[in-house]
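Reading through the structure tokens given below for one structure.
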Amino acid sequence: ALDACDSEVLAFIDDECEVSENWFSILEKTWNDEKLGICILAGPITFAPSDFSSRYLARNNPFAPIRGNGGYELRFPSRVRRALLPEYDTSSGFILSAGNGNLSFVVEEIKKIGGYDITLSKGGEDEDLCRRVRRQFGADSIYFNSNLCVTHHSQESLVGILRRNFRYGRYSGINWLTNFGIPTFLLG
């Protein structure tokens, strides 16, 4: 999609997500806010309440934004605490990382850093992209807009969710070993 894109901004939405009624206008307005000067824009992904799996995901949201301390990566003990006792700050502001489920970015800027690392096809590609964007363009290059909402309609079983989290966590760990730092989300 990145190579074929002829627009300035490219947006990703997970296939099980439904955008809010005003999603596009909020997306457009945020990108037109020149004072932000961002490379990546993310929004919240909430889960439609339907069964135990969706309630589990709402409590342990793998798509929640990862925030930092003054733009620096969180230390390992803080990440472990967040994994065990999740507290999601969904207010608008600059973040360290976000998942692909509701993510858009400036095409030219992402091309400058080589786009997505396709060797991370089983998970961690969004974390890797955000890490490289922060290194190239600074701590205030990824913005989270709390009004840019999508609803995820998960049909996955709890066992499937745990398998996916383990797989993503494994690839996040591999990414950590090869690129240094601490893995951010979906520790498995």
Handout entry: Reach of residue 35 by Cα under 18 Å, taken over aspartates and glutamates that are not fewer than 8 positions away in the same chain
Key = 8, 109, 140
Problem - Where labels lie 7 Å past Cα in the beta-carbon direction, separation of residue 10 and residue 34 in nm - result: 2.6 nm
Practice task
Return the loop-located GluC sites (Glu not before Pro) in the stretch 87-153 (DSSP other than H, G, I, E, B) with at most 12 other Cβ atoms within 10 Å of their own Cβ; answer none if there are none.
Solution key: 87
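Suppose R0 equals 25 Å; then what is the FRET efficiency for residue 50 and residue 117 from their Cβ-Cβ distance, rounded to the nearest 0.05?
With a Förster radius of 25 Å, E is 0.15.
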Fill in the blank from the handout: In whole Hz, the Karplus estimates of ³J(HN,Hα) for the stretch 17-34 (6.51, -1.76, 1.60; θ = phi - 60°; x where Gly or Pro) are 9, 10, 7, 5, 4, 9, 4, 5, 5, 5, 4, 4, 5, 5, 5, 7, 6, 5
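Each value in this text was obtained by applying a stated rule to the coordinates, not by laboratory testing. A quick note: this is a predicted structure, and the numbers were derived from the prediction, not measured. Cβ atoms come from the backbone with ideal geometry, glycine included; neighbour counts cover every protein chain shown.
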